[in-house]
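A short write-up of the structure that comes next.
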Amino acid sequence: MITKRCERLMTGIVAIMALTISQAVGQTIPENYTTLHTEPIKNPMLWADVPDPDVIRVGDTFYLVSTTMHLMPGAPVMASKDLKNWETVGYIFDKLTDSPKYDLQEGTAYGRGQWATSLKYHNGRFYALLAPNEQGKMGDTYIFTAEKAEGPWTIVSRMRHFHDCSLFFDDDGRVYVIYGTGELMELKPDLSDVIEGTYMHIFQRESDEKGLLEGSRVIKHNGKYYLLMISHAYGPGMHRREVCYRADDIHGPYEKQVILESDFSTFGYEAQGTIVDTQDGDWYGIIFQDRGGVGRVLTVMPCRWINGWPMLGDENGKVPLTVRTLKTGETAGAIVKADDFSATKLGLHWQWNHNSVDNAWSLTERPGFLRLKTNRVVENIYLAPNTLTQRMEGPTCSGSICMDLSKMKDGDCAGLAAFNSDTGMLIVKKKGKKTVLEMQETTVELSDREKAVTKYEEKTIESVELKQNKIWLRIDGDFTPAQRGGRDAANFYYSLDGSDWTKIGTTDYRLRFDWRRFFMGSKFGIFCYATKKAGGYVDVDEFSYSKTEK
């Protein structure tokens, strides 16, 4: 019997023979030949902020879930047939409602919210377990389920907090959660709660591992249990790394192996993620890497089973620049997209900063436009509801909007931002009868635990008075790895006709990643808020987007 792997090899040989013959006889080669047959997966697989991945395969489709914290809807589910072209297909929840902080009322939830979701498929259903990084009842674990990864998802139960946990369904019907640094509890069969008395520590960290071991991901392969985790190792010649604990019984005893200790492309060492198999029986690792202002990006690499261990990387244990394509001819996908706002529902590529105020935005009041209405008086963008975001991507990207300003009121602020805890923005301000465009640099300080705004600073770099009610705004991002940590620069432009662009403000504004505040990569943010009186609005005609290839 010819296996799928052999079929794929034979298909490749035939394709190469056909290409050689075509070249020999002078036959025209289709323009898309390279794209369909030989284009590899280039790392980073997703050059955008997609941290804490969990990846599973159901049939011929891979599903990925990532952390988006204070952005709503939350826990994005992405799908791919080939580990190269990814699309956002749904979210596990629309909003979190445990606290007014999620509504930007009585504080904020920056860097909190949904973390490190565990995704599983069991007995024909999808399951997701996540625990918000909060204290008290806000941090209680959620378990969701759905018939389809696209949703709708429903809550099964809530229970005590489990940090960076992995849900695991065993072959005998028992269900476990492994979390923290090697902690385990068994769950009731209906997932309603833990089974009291089942807590145990399945291993103890070693002396060189001073910090937490985090990012638990559990699989079972050939009868053995494998727990993958990030290890923060300190000492001469030691680096952040991915480790694996292996046992014949889920309760232990466990033995340990370092399965990846590799830097990549002038950046730091990689760790945290999971492994997944293909229909052909091959295995791959999906691991993230910190890359400064763009955030935490995803890389893909071979996973080779050596002496019963899932060793990651190429033959030298390094993250490769490219990985062979799993399938040919798949439709190109993207998780960041342009939008003309002609649909009646917001695209899945968008997320709001915190919970949205649903009666303060519309796609239908003026068809073909996104209307953003002011609905409360706030001091600055960090407290403003209904800032609409998408990721910025590397190596370079450009996002622009066209806005109708005619319905802004005195004190209103609207525009486009490179949004983060340090933000560069193009902000249109209504000042009495005047309309002014400013390029601003802003920063916010937050209390460590409560995430309350303790300090806000803004600096106007350049301003231009506007004499018309239509304006185009553009931000270019550059994350080219010119040096360790990347270039991480943004530049700002405006146009009065949509064709001729004028640079404004800072050259190479530095985009930053700060885990103590937002803990996320830079985002395009479209905003409109009131500083004096609610009731004004802007209409956004389109969001144009482009990026360079790697």
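The values are calculated or read from the model by the stated rules, or taken from the named source; none is laboratory data. What you see is a predicted model; the values in this text were computed from it and never measured. Note that we place each Cβ from the backbone using ideal geometry, even for glycine, and neighbour counts take in every protein chain shown. All accessible areas refer to the heavy atoms of the entire protein, side chains included, with ligands and DNA or RNA removed. Shrake-Rupley method; radii C 1.70, N 1.55, O 1.52, S 1.80 Å.
Report, to the nearest whole %, how much of the accessible area of segment 43-162 belongs to carbon and sulfur atoms, 1.4 Å probe, protein only.
Carbon-and-sulfur percentage of accessible area, whole number: 45.
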Practice task
Pop out the ³J(HN,Hα) list for segment 97-108 in order, Karplus 6.51 cos²θ - 1.76 cosθ + 1.60 with θ = phi - 60°, rounded to Hz; leave Gly and Pro as x.
Solution key: 10, 6, 8, x, 4, 5, 9, 6, 10, 6, x, 9
Fill in the blank from the handout: Whole-Å distance linking the alpha carbon centroid of segment 344-402 with that of segment 433-481 is 15
Fill in the blank from the handout: segment 378-460 accessible area per residue, 1.4 Å probe, protein heavy atoms, integer Å², reads 31
Exercise for the section: Step through the residues of segment 521-529 one at a time and calculate ³J(HN,Hα) from phi using the Karplus curve (6.51 cos²θ - 1.76 cosθ + 1.60, θ = phi - 60°), rounding each to whole Hz and writing x for Gly and Pro. Expected result: x, 5, 10, 5, x, 9, 9, 7, 9
Handout entry: In Hz, Karplus ³J(HN,Hα) per residue of segment 458-475 (6.51, -1.76, 1.60; θ = phi - 60°; x = Gly, Pro)
Key = 9, 9, 7, 8, 7, 9, 9, 7, 9, 10, 9, 9, 10, 9, 10, 10, 9, 10
Handout entry: Calculated [θ] (222 nm, deg cm²/dmol) that DSSP helices of n ≥ 4 give over the chain, each run adding -39,500 (n - 2.57)
Key = -1500 deg cm²/dmol
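What ranking do 292-301, 236-245 get when scored by the average of other Cβ atoms within 10 Å per residue, highest first? Walk me through the intermediate numbers first.
Numbers: 292-301: 26.1, 236-245: 17.5.
Ranked by mean Cβ neighbours within 10 Å, highest first: 292-301, 236-245.
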Exercise for the section: Using a Förster distance of 25 angstrom, determine the FRET efficiency expected from the C-beta separation of residue 436 and residue 365, and round it to 0.05. Expected result: 0.40
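What Kirkwood hydrodynamic radius do you get for segment 456-550 when you take the inverse of the mean 1/r over all pairs of distinct Cα atoms, in Å? Working shown, then result.
Details: mean 1/r = 0.0618 Å⁻¹.
Computed over Cα pairs of segment 456-550, the Kirkwood hydrodynamic radius comes out at 16.2 Å.
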Practice task
Enter the accessible area of residue 462 (Å², nearest 10), with the probe set to 1.4 Å and all protein chains included.
Solution key: 80
Problem - Cα-projected label distance for residue 548 with residue 533, points at 7 Å along beta-carbon direction, nm - result: 4.8
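What is the gain in length, in nm to one decimal, between residue 258 and residue 94 on full extension, counting 0.36 nm per residue of separation less the C-alpha to C-alpha distance?
Contour length minus Cα-Cα distance gives 55.3 nm.
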Fill in the blank from the handout: Expressed in square angstrom to the nearest 10, the accessible area of residue 278 with a 1.4 Å probe stands at 10
Practice task
Can you work out the PRE-style zone for residue 377? Point 7 Å along Cα to Cβ, and I want the residues of segment 82-108 with backbone N under 18 Å.
Solution key: 105-106
Practice task
First compute the accessible area of segment 165-319 with a 1.4 Å probe, then give the percent of it belonging to carbon and sulfur atoms.
Solution key: 47
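I'd like to check one number: the per residue accessible area of segment 304-367, probe 1.4 Å, reported in Å² as a whole number. Intermediate results must be reported in sequence, preceding the final value.
Working: 3330 Å² over 64 residues.
Per residue, segment 304-367 has an accessible area of 52 Å².
Rounded to the nearest 0.05, what FRET efficiency do residue 460 and residue 495 have when you use their Cβ-Cβ distance and R0 = 25 Å?
On the way: r = 20 Å, r/R0 = 0.80.
After rounding to 0.05, the efficiency reads 0.80.
Sort the following peptides by mean Cβ neighbour count (other Cβ atoms within 10 Å, averaged over residues), highest first: 303-309, 412-418, 156-162. Intermediate results must be reported in sequence, preceding the final value.
Working: 303-309: 13.9, 412-418: 25.4, 156-162: 17.1.
The packing order, highest mean first, is 412-418, 156-162, 303-309.
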Problem - Relative contact order (%) - segment 88-193, alpha-carbon pairs under 8 angstrom, separation at least six - result: 20
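Could you tell me what % of all Cα pairs in segment 173-299 have separations over 22 Å? Mind showing how you got there, number by number?
Values: 3402 of 8001 pairs.
Beyond 22 Å sits 43 percent of the P(r) for segment 173-299.
So what is the diffusion coefficient of the chain in µm² per second by Stokes-Einstein at 4 °C and 1.567 mPa s, using a Kirkwood Rh over Cα pairs?
Numbers: Rh = 24.8 Å.
For these conditions, the coefficient is 52 µm²/s.
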Handout entry: For residue 198, residues with placed amide H under 5 Å, excluding near neighbours
Key = 186
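If I stretch the segment between residue 357 and residue 220 completely, what's the gain in nm (0.36 nm per residue apart, minus their alpha carbon distance), one decimal?
Values: separation 137, 0.36 × 137 = 49.32 nm, distance 4.33 nm.
Full extension from residue 357 to residue 220 adds 45.0 nm.
Using a cut-off of 11 Å between beta-carbons, work out the net charge of the residues near residue 390 (Lys and Arg +1, Asp and Glu -1, residue 390 not included). If you can, show how the numbers build up before the last one.
Working: positive: 337, 391, 523; negative: 49, 339, 393.
Around residue 390, the charge tally is 0.
Roll a 1.4 Å probe over the protein chains and send me the accessible area per residue for segment 264-303 in Å². Don't skip to the end; give the middle numbers.
On the way: 720 Å² over 40 residues.
Normalised by residue count, the accessible surface of segment 264-303 is 18 Å².
In the structure shown, do any of 337/532; 327/547; 407/523; 224/327; 120/523 have a Cα-Cα gap over 32 Å, and if so which? List each step's numbers first, then the result.
On the way: 337/532 34 Å; 327/547 24 Å; 407/523 26 Å; 224/327 29 Å; 120/523 29 Å.
Too far apart for the 32 Å limit: 337/532.
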Exercise for the section: Determine the gain in length on full extension of the stretch residue 510-residue 482; use 0.36 nm per residue of separation and subtract their C-alpha separation, reporting nm with one decimal. Expected result: 8.7 nm
Exercise for the section: Give the long-range amide H neighbours of residue 224: residues separated by 5 or more places, or on another chain, with amide H under 5 Å away, using H modelled in the peptide plane at 1.01 Å from N. Expected result: none
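At 1.4 Å probe size, put 169, 524 in order of accessible surface, largest to smallest. Could the numbers behind the result be given before it?
Details: 169 35, 524 0 Å².
Ranking 169, 524 by accessible area, largest first, yields 169, 524.
First measure r as the distance between the Cβ atoms of residue 330 and residue 447, then evaluate 1/(1 + (r/R0)^6) with R0 = 60 Å and state the FRET efficiency to the nearest 0.05. If you can, show how the numbers build up before the last one.
Numbers: r = 46 Å, r/R0 = 0.77.
Efficiency for this residue pair is about 0.85.
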Exercise for the section: Measure nothing fancy, just the Cα-based angle from helix 4-25's long axis to the longest principal axis of the chain, in degrees from 0 to 90, nearest 10. Expected result: 60
Handout entry: Probe 1.4 Å - accessible area at residue 188, Å² to nearest ten
Key = 80
